[in-house]
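**Q** One structure is given below, represented as structure tokens, and several questions about it will come after.
The values are calculated or read from the model by the stated rules, or taken from the named source; none is laboratory data. Computed from a prediction, not measured in an experiment: that's the story for all the values here. Quick reminder, even Gly has a Cβ in these numbers, built from the backbone with ideal geometry, and neighbours come from all protein chains shown.
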């Protein structure tokens, strides 16, 4: 989670899920609050868009209250998601997402004054789309989209259907109530 200033509301909170293998942003939300409900909406979106089978996902989070609440743990148990929380003195446990947040802030957030939440969501969605199609040194200069397609092809080479995660629903879509 990171904070973003929006003139209309003040500090808003950005929850994000990243696939550590492909470096894709699999779910995100920008909301005026950061509670369990908003954090779970991001997880639900990522699982829904990716079609993640029960018992196959390990979720790493920090120790924020949204991620340590009873409701969050109960929902992850129902989804059969293994939850690995980062240690208090273990900065590497969140390296992928922290690196992503630093680049988001450097390239977009600190350069833009957002008037409304909708404006911020649209700009962030555009940034993510660009990010997914930009080569990364950590991916051997492939894009996250190329690496994800490799994984998709490997799972079922006869499947030519477009996976859910390639059918985007629009800027900042979540299942959370706003």
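**Q** Out of all the residues in region 146-178, which are touching a helix residue (DSSP H, G or I) at 6+ places or on another chain (Cβ under 6 Å) and at pLDDT 90 or above?
**A** If the condition is that a residue be touching a helix residue (DSSP H, G or I) at 6+ places or on another chain (Cβ under 6 Å) and at pLDDT 90 or above, then 147 is the only one that fits.
**Q** Hey, can you tell me all the residues within region 6-58 that are surrounded by fewer than 16 Cβ atoms within 10 Å (Cβ to Cβ), at pLDDT 90 or above and in contact with a strand residue (DSSP E or B) (Cβ under 6 Å, 6 or more places away or on another chain)?
**A** Within region 6-58, 11, 32 meet the criteria.
**Q** Restricting region 122-141 to residues that are in contact with a helix residue (DSSP H, G or I) (Cβ under 8 Å, 6 or more places away or on another chain) and either surrounded by 13 or more Cβ atoms within 10 Å (Cβ to Cβ) or modelled with pLDDT under 90 (or both), which is farthest from residue 106 (Cα to Cα)?
**A** Step by step, filter region 122-141, then rank; the result is 139.
**Q** A follow-up question, please. Which residues, counting only those in region 122-135, are in a helix (DSSP H, G or I) and touching a strand residue (DSSP E or B) at 6+ places or on another chain (Cβ under 8 Å)?
**A** Scanning region 122-135 gives 123, 124, 128, 131, 132.
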